[in-house]
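Q: Handing you a structure now.
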Amino acid sequence: MIPSTLRFWLIAAVVCYFVIILYLLKNRALNLKYTLLWLLAGVVMGVLVVFPEMLMRIIRVFGIQSNMNGLFLIIIGFMLMILMALTSIASRQNMKIRALVQEIGILDKRIRELEDGQGGSADRKASGQEKVSDMDGASGAAPKETGGR
Amino acid sequence: MKGETEAKVLIIIPAYNESANIEKVARHLKNCAPQYDYLIINDGSTDDTLRICEREHFRYLDLPINLGIGGAVQAGYVYAHKNDYDIAVQMDGDGQHDIAYLSDMLQPILSGKADVVIGSRFLKKEGFQSSQSRRIGIGILSLLIRLTTGHRVMDVTSGYRAVNRKFIDIYAKDYPTDYPEPEAIVTAFMHRGRVLEVPVKMKAREGGTSSITLRKSVYYMIKVTLAILVCRLSYGFRRVKR
């Protein structure tokens, strides 16, 4: 059994945890999409602290001797999941930044050509007609770059 | 199929801190292959690469952030895709790759025999052959690609390549990040691409330093090995046919 003093403080901690998350959500400092896992972890922690019998049962299933060790294990499991989610978010953002940087490079070239008033045709042995198709190609293809979602 | 004169060809030259070589390489291209467009990709260089491109009025893209070779080359493919090129050629900005072999590399694509052509220094074993340790590493990766895809490619790290329109589109959407060359071959096979090696002679680099130091080579082998396996897995069990 978890001592009652410890239980009190754990419940207080979980309440604090929820207050902080809701505060950040309210101020739009957190994206709800990325917060779902945090909220789920909070719910699980809350349930386990309020109903320790459930914790005992789960712990016995896994053959863990100490209650506190079981609690820590569950928390560590959630932390690993959240870290993995963060890595995947970082990777996806990396890909988006890459596409943006490439786009900036291409736009930068177009601006330079427009400023020169040559439209890139001077060094491309081309007529004005090719310049028009060149630009159509660029603007027509732009909306395709929308990433994974 | 279009003839050599009609096809729109873009030569992509990724350049990161290549101020020692880039002027020579671009000049040489302009003189020896004026019928083709070239595009230097300045990959956030910290040296004078950008200033040289500006001063000499080269055709270049200026990436504001260093993306690494994969991101830089892909920027070229995105550009080729948007501007409707038929063939894209990538070659290093350090002068290792000889423009004289360009028509050899374009020929299989123009005649519709191949989708991806790789300039290989090991087919005829002429020119600069790289150090022995690197050749062993390349051999291991080559074997790995053979085991995972069933196709034999000798010079898997060669950055001298030509691809047709189909693979311009594919690489514009999906190109590996760092040390991308071997992985891009697997991507090509997974899209049922016909990959062909053409013998070329390479020179030892003329100036600057290679991006792969001894310290990085261990990381290189681990990363590329994993990347090949992951790339193969991510395409599932789709059969690749010739």
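Q: Here is a check on your reading of the model: is B:F122 assigned to a loop (DSSP other than H, G, I, E, B) and hydrophobic (A, V, I, L, M, F, W, C)?
A: Here the answer is yes, as B:F122 does meet what is asked.
Q: I need the full set of residues from region B:96-122 which are polar (S, T, N, Q) and either closer than 18 Å to B:V156 by Cα or touching a Leu at 6+ places or on another chain (Cβ under 6 Å) (or both), in order please.
A: Correct list: B:Q96, B:S120.
A quick yes/no check of all residues on (1) without any contact (Cβ under 8 Å) to a residue 60 or more places away in the chain; (2) within 17 Å of B:Q96 (Cα to Cα); (3) away from chain A (no Cβ under 11 Å):
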position	(1), (2), (3)
B:K30	yes, yes, no
B:Q35	yes, no, no
B:D47	yes, no, yes
B:E54	yes, no, no
B:Y60	yes, no, no
B:G68	no, no, no
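Q: If a residue has to be of a type in the set (K, R) and in contact with a Ser or Thr (Cβ under 9 Å, 6 or more places away or on another chain) to count, how many in region B:135-159 make the cut?
A: Adding up the residues that qualify gives 1.
Q: Check region A:115-123 and report whether any residue there is at pLDDT 80 or above and either surrounded by 12 or more Cβ atoms within 10 Å (Cβ to Cβ) or within 14 Å of chain B (Cβ to nearest Cβ) (or both).
A: Yes, because at least one residue in region A:115-123 is at pLDDT 80 or above and either surrounded by 12 or more Cβ atoms within 10 Å (Cβ to Cβ) or within 14 Å of chain B (Cβ to nearest Cβ) (or both).
The values are calculated or read from the model by the stated rules, or taken from the named source; none is laboratory data. Everything numeric here is computed off the predicted structure, so don't read it as measured data. All Cβ positions, glycine included, derive from the backbone under ideal geometry; neighbour counts span all protein chains shown.
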